[in-house]
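The values are calculated or read from the model by the stated rules, or taken from the named source; none is laboratory data. All of these numbers come straight from a predicted model, not from anything done at the bench. Please note: Cβ atoms are built from the backbone with ideal geometry, for glycine as well, and neighbour counts cover all protein chains shown.
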Amino acid sequence: MDQFFTWELLATFVGAATGTGIITQFVKGIPFLQKIPTQFLSYLVALLILAAATAATGGASDWAGWVIIPLNAVLVSLSANGAYDALAKKSANTTNTN
């Protein structure tokens, strides 16, 4: 594997959730994006990733494939947010016990 992310990986649930989490944490500190709630920003990132990955891989050959993307983006966003919250909680517990 010579690439960290591929369009095929980003088209999967795990790839999209990982990409959403990383990009959301990276861009949420940008001044004009700080006004947007992080959960909504995460949804927008997931929506963009899924739409781009679907277009790049030819994953949706008809309108039904495109209609499901916003629903999938909800699941991807919630998954990415939950993973971040779990990691933050674990890091806080580790820091407090030392």
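Going through the range 7-21 one residue at a time, which ones are of a type in the set (Val, Ile, Thr) and surrounded by 15 or more Cβ atoms within 10 Å (Cβ to Cβ)?
THR18, THR20
Check ALA86, ALA55 and return the single one that is under 16 Å from PHE13 (Cα atoms) and free of Cβ contacts under 8 Å to residues at least 12 places away in the same chain.
After ruling out the rest, the residue left standing is ALA55.
Consider SER77 against the criteria (1) more than 12 Å from PHE13 (Cα to Cα); (2) modelled with pLDDT of 90 or more; (3) hydroxyl-bearing (Ser, Thr, Tyr): it satisfies all of them except one. Which criterion is unmet?
Tallying (1) more than 12 Å from PHE13 (Cα to Cα); (2) modelled with pLDDT of 90 or more; (3) hydroxyl-bearing (Ser, Thr, Tyr), SER77 fails exactly one: (1).
List every residue pair whose Cβ atoms sit under 6 Å apart, with the two residues 6 or more apart in sequence or on different chains, where the first one lies in the range 2-15 and is closer than 19 Å to LEU75 by Cα and the second, anywhere, is among the small types (Gly, Ala, Ser) and at pLDDT below 90.
Pairs found: ALA11/GLY59.
List the number of the failed condition for SER61; all other conditions in (1) of a type outside the set (Val, Ile, Thr); (2) under 20 Å from VAL14 (Cβ atoms); (3) surrounded by fewer than 13 Cβ atoms within 10 Å (Cβ to Cβ) hold.
So SER61 meets the others, but not (2).
Within the range 29-55, which residues are outside any helix (DSSP H, G or I) and surrounded by 13 or more Cβ atoms within 10 Å (Cβ to Cβ)?
Result: ILE36, single match.
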